[in-house]
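Written out below as C-alpha cells is the structure these notes cover.
The values are calculated or read from the model by the stated rules, or taken from the named source; none is laboratory data. This is a predicted model, so every value here is computed, not measured. Cβ placement follows ideal geometry from the backbone for every residue including glycine, while neighbour counts extend to all protein chains displayed. These area figures cover heavy atoms from the full protein model, side chains too; ligands, DNA and RNA do not enter into them. Shrake-Rupley method; radii C 1.70, N 1.55, O 1.52, S 1.80 Å.
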Amino acid sequence: MVLSTMNLDSGYGQTPVLHDVSIEIGDQEIVSLIGRNGVGKSTLIKTLIGLVEPSSGEIEFEGECITELPPDRRAKAGIGYVPQGREIFPRLTVEENLRTGTMINENHADPLYDEVYEYFPRLKERTTQKAGTMSGGEQQMLAIGRALVGNPKLLLLDELSEGVQPNIVEQIGTILKEINDDLGMTIFFTEQNIDFTINTTERCYVMEKGSIVDELGPDELDDSDVIQQHLTI
Amino acid sequence: MDESEHATEESSNPHHWFSHLLDRFDEFHARFEGPNTIGNNRTFWAVFWGIFAILLVYPMIVNTFVLKTNTSFFIWVILALSLSIVWGYSGIFNFGQMATFGLGGYAYGVVAINLTEMIGGTVLALLIGVVLPAVVMAALGYFMFYGQVSGLYVAIITLVVTLMFNLLLTRTSGTTIGDAQLGGLNGMSGIPTLELDVVAFSFDLTPVSEYYLVLALMIAVYLGLRYTVNSYYGYVMIAIREDERRTQMFGYDIRKLKTALFSAGAALGGLAGVLYVSWSGFIDPTMFGLVSASLPIIWVTVGGRGTLLGSGIAAYLLQYTSNELGAMGTGYSFIFLGILFILVILFFPSGIVPALRDRWVAWSTTRKQSGSVQEGNS
Amino acid sequence: MSLIESLFGFLILALSHFGKLALIALGLAVIFGIMGIINFAHGEFILVGAYTTAMGYHAGFPLLLAIFVGGLAAGIFGLIVERLIIQHLYDRLIETLVATWGVSLIVIQLVRIQFGGTFAGIHTPLGSIQYGAFSASTYRIALAGAAIVLFASTYAIFMYTRYGLHSRAAMQNKEMAQCLGIPTKRVYMKTFFFGSVLSGIAGGLIAPTVSLTPDMGTNVLVEAFVTVIVGGANVIVGTSLAALSLGIIQAPASMLFGTLGGYLALLITTVLLIRVLPEGLTGVVE
C-alpha cells in the first residue's frame, strides 16, 4: 500500500467538503477519481498533499502517518503534486522550473532530467524559455515534468485535461502509462474527461457530494455508460 | 440573539414603564448599530453613557493640568477615528492622515493670528482649517485614484507627500503670511485659542470649556461615524475595501467615491488639527515627520482596523501611556512602547478591541449555554 | 566653472548619489521582493552595521574587515528579529510594518542610552579628486563601485545557487513551492538574514560619509524605501535602475538647491513615477 486514507473529513474553515473518505492506492497502480464539478475532488488531492487540513481521519503514506505533516515534508517523503491550473513558476525558465522539483523524495539523489526530456521532448527544446510564455499543454507537461524530476513514489495529478488541447491530453495519457510502466511510479489523478479516464486507469473511485460512493474495476471501466452516468446529472 | 432577548422581555412585561423606557433607549441606539461596528447591545450603550457621565464630572475631580492633557488625548481620538474611516473601513492605506492634521493646524494658525482682532476670526480660521486639508487631499486623491494608484502605493505617495510638507515647512524660517510667522524648524507660536462667538453669546475657551467642547465633538464624531458606517454608505465603503473591481462592476464610480472619502477623512483630520493647535497655541514641522506620520497607523492597527471603537481606544491609551512614560523621563519610554507594539501585533493580530470582543462573545455564550443547561436540569 | 567642469561635477555627484541610494536600498529590496513585507526597522539594520564597523575600525581592524564584521552583526541581529517576530507575521504586510516599527523604536533608544547622541565616526578614506574648480571625495565614488559589486553578487546568489532558485520560486508561488518540498519558512529566514547582512554592509560602507547618530537609520529609511518602491518587484534590475534614475535627479537638484532641495526632488520624482508606472521601473523592463 502506497497511500491510504481512513475516514477523512476535510474542508475550508467552517465549510466541510469531504465526508468520511477512505481510499487505498496500491504499489504501482494507476487510480483515478471521477465526479462532477464541485464534488470535492480537488479538496481531496489538496488534503493529500497538505494544503488543506483535515478535521478528522488519517492519511498514511508508505505505512507512515502523514496527517500532521506540512506539504514540504510530504513532498520530501516522496509525493509529487501536479495541481489544477498547473501553477508553474511563470518567470522561471523551463529548466529552472524542473530544478525546483528536485527536493521531492529526499531518498532519491539523482534528478530524472533525462527521463523527463525523453517523455516530453518539447521541454528540451525550450529549456531557456520563460515558462509563463508557453501554451497550456506545454505548461501541463512542465508541471508533470517538475513533479517527475524528483522521482516521487506517488504522483498526484489534479484535473489534468483542463484547458489543454484534446490531442495533447491523449498524448499525456499515454505518457502517464509509460511512466507507470517504466518507473513503477504509482499515480492517482482526478478527471472529468471520460475517454481519458477509461484509457488511462485500471481502477476508479467515484465521488459525490464529498463522499466516495462507488469504486469501479477494469470491467466496469470498459463500459463507458457506467462512467457517463456518474459524470452527468 | 440580543434582539430576541429584548422581544421576550417586551412580551412578558408589556406595560411596565421601565421596559418602555428601555425600548426607547434601544430605539435611539438602533440607528448607530449594525454589523459594521462593535457594541450593538444595551450593555454596551449603558457602559458607553456611564463613561460619558464620568467624563462630564471629570473636570470637577482633577486639576487643570491633568484636564488639559486629557483634552489633547480626545483630539488624538478624533484623528484616529478619521483614519479608521479612511483606512479601516474604506481600505485606503493612507499614511498621510497626520498631514491633514498638520495642514489644518497650520491653516488655523495663520488665519487666527491674522484675524485675531476680528470677531469670529477664529471660527473662520477653524472653517479654513477644515476646508484646506479637504481640498488639498481631494486634489491628491484625484491624482492618485484617477491614476489607478492603489494599495501599498497609496501609502507610499501619502507618506512621501507628508514628508514633502515637512521639508517645505522646515525652510520657512523667514516666511510670513500676513502677521503670521511660519518659523521654519522652530514652528509657529502665539496662535490664539478658539473663541466661540455664536450669535448672541461669546466666550473664550477656558481649559474646562475647551474640554467640554472637545469631548462633545469626540462623541459627536464617534456617533456620526457609527451612523455612517451602518448606513448604505458604510456598506459601499466596505464593498470598496473588500473588492474594488466587483464594486465597480455594480456601477459604483470607485475613483470618485475614494476621492470623496479621502477628502472627507481629511476634513475630519483637519478639524482635529485645528483643535490641537487651538489647544497648544503652537505647531511645528515635526507634525509632518516620519515618526508623527506613523502614529495614526499604529493606533488603528493596535486597536483593530475596521473598528471605530478600537482605533479610538488605542489612540487614547497609547497617547496616555507614552505621555506618562515621557513624564517619568526615564528614557526607556520608547523601548516600552516598541515592546508594546510588538506584543500586541504578535498576540492580537486583528487588534486589541476585536480580540476582546471575541473573548467576551465566547464567554457570554458559554455562560448562557451553561445557564440553560442548569435550567433544563432543574 | 566651465561647461565640461560642471558636466564632470554632475556626473560625479550623480554617481555618488546612485551609490548611496543603491547601497541603502538593496537589503530592503531583497526582503520586500522575496517576502513581500516591509521592514520598517531597515534603517536600524544599517545603523547596527555602521556602529559595529566604527567600533571595529577604532579597535584597529582594517576598514574592509570592520565592514565585514558590521554586516555579520546586522545579520545576526536580523536572525534574532526574524525568529522572535517576523516568522509569526509572514504575508501580513501591515502587521509586520508596525512590529518592525516597534523594533526600530527599541534600537534607537537603546543606542541612545548606550552611546549617547553621537558616536565617534570614521574619517573618509581615499582623499579627493580634483578637476578644475571641482573636487569630490574619491570614497563616495568608490561607493558606487561597491554598490555595483554588491548588486552583482546578489544577482549571482539569486541566479546560481539553490537558495536563489528556491527563493525565486517561493516569491512567485509560495504554496506551490512548498508542495514541491521547498522549505519556504527556511527560505524566508535565510532571506531575512541575507537582507540584513546586505543592510549591515551598506551601513559599514556609508559609515565614513555620515555622522553616526541614533537616528541615522530613520534618516536613510525614506530614501531606501522610495528607491525600492520606484524599482518595483525586480530586486536587482528594478532597484539599481531606480537608484540610478533617482540619483540623476537628486544630483543636480542638490547642486542647485542644497541637500534638502535634492531630497525634495527625490520625493517629487517618486510620486510622479508611481503615478505613471504603478508597477515601478520593473514594469518597464519586463
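Observations
- Shape call, segment B:47-159: gyration tensor on alpha carbons, a/c limit 1.5: oblate
- Solvent exposure of segment A:3-230, expressed per residue, is 42 Å² of accessible area, with all protein chains present and a 1.4 angstrom probe.
- Cα-based equivalent ellipsoid of the protein assembly as shown: semi-axis lengths in Å, sorted from largest, via gyration tensor: 53, 42, 23
- Shielding by partners - mean other protein chain Cβ count within 10 Å, residues of C:92-99: 6
- Percent accessible area from carbon and sulfur atoms, segment B:62-294, protein chains only, probe 1.4 Å: 64 percent
- Probe 1.4 Å, accessible area per residue of segment B:248-320, Å²: 32 Å²
- Computed over the Cα atoms of segment B:62-294, the ratio of the radius of gyration to the Kirkwood radius (Rg/Rh) comes to 0.99.
- Pairwise burial B:C, computed as accessible area of each alone minus the pair, summed, 1.4 Å, Å²: 3600 Å²
- 19 Å Cα-Cα reach of A:Lys124 towards aspartates and glutamates, excluding residues that sit fewer than 8 places from it in its own chain: A:Glu95, A:Glu96, A:Asp110, A:Asp114, A:Glu115, A:Glu138, A:Glu178
- Estimated [θ] at 222 nm from DSSP helical runs (n ≥ 4, -39500 (n - 2.57)) normalised by residues in chain C, nearest 500: -27000 deg cm²/dmol
- Relative contact order of chain B, pairs being alpha-carbon contacts under 8 Å that are 6 or more residues apart, as %: 28 percent
- Working from Cα pairs under 8 Å separated by at least six residues, relative contact order for segment B:144-303 is 34 percent.
- The convex hull of the Cα atoms of segment A:116-175, projected and averaged over all directions, covers 4.2 nm².
- Span-like helix ranges in chain B, DSSP H, alpha carbon extent 18 angstrom or more, Kyte mean at least -0.5: B:17-30, B:42-61, B:64-83, B:97-114, B:121-145, B:152-170, B:207-229, B:254-280, B:290-303, B:308-328, B:333-347
- Taking each of A:Lys76/C:Lys190; A:Lys76/C:Lys174; A:Lys130/A:Lys153; A:Lys130/C:Lys174; A:Lys76/A:Lys153 in turn, the alpha-carbon distance tops 22 angstrom for A:Lys130/A:Lys153.
- Karplus 3J(HN,Hα) series, Hz, for segment A:21-29 with 6.51 cos²θ - 1.76 cosθ + 1.60 (x for Gly, Pro): 8, 10, 10, 9, 10, x, 4, 6, 7
- Rounded to the nearest 10 degrees, the inclination of helix C:162-172 to the longest alpha-carbon principal axis of chain C is 80 degrees.
- Computed per residue of chain A from DSSP H runs no shorter than four, each worth -39500 (n - 2.57), the mean residue ellipticity at 222 nm is -10000 deg cm²/dmol.
- Helix runs (DSSP H) in chain A reaching 24 Å along axis by Cα, Kyte-Doolittle at least -0.5: A:166-183
- Every Cα-Cα pair of segment A:1-127 was included, and the share exceeding 23 Å stands at 40 percent.
- Rounded accessible area per residue of chain C, 1.4 Å, Å²: 38 Å²
- Cα-Cα P(r), chain A, percent of pairs per 5 Å interval: 1, 7, 15, 19, 20, 17, 12, 7, 2, 0
- Value at 222 nm in deg cm²/dmol, rounded to 500, when DSSP H runs of n ≥ 4 in chain B each add -39,500 (n - 2.57): -24000 deg cm²/dmol
- Positive-pole candidate from B:Ser263, B:Met118, B:Pro354, dipole of the protein assembly as shown, charges at beta carbon: B:Met118
- Interface C:A - total buried accessible surface [probe 1.4 Å, Å², rounded to 100]: 1900 Å²
- In segment C:209-244, the residues that give up 30 Å² or more of accessible area when the other protein chains are added, compared with the chain on its own (1.4 Å probe), are C:Val222, C:Phe225, C:Ile229.
- For the peptide C:270-277, the mean number of other protein chain Cβ atoms found within 10 angstrom of a residue's Cβ is 5.
- The listed peptides B:220-232, B:262-274, ordered by packing as a protection proxy, come out as B:262-274, B:220-232 (highest mean of other Cβ atoms within 10 Å first).
- Just the protein heavy atoms count here, and of the accessible area of segment C:3-281 at 1.4 Å, carbon and sulfur take up 70 percent.
- Cα convex hull of segment C:63-132 - mean projected area over all directions, nm²: 8.1 nm²
- Relative contact order [Cα under 8 Å, 6+ residues apart], chain C, whole percent: 34 percent
- Sorted largest first, extent of segment A:114-233 alpha carbons per principal axis (Å): 45, 28, 24
- Radius ratio Rg over Rh of segment C:3-281, counting only Cα atoms, Kirkwood formula for Rh: 0.97
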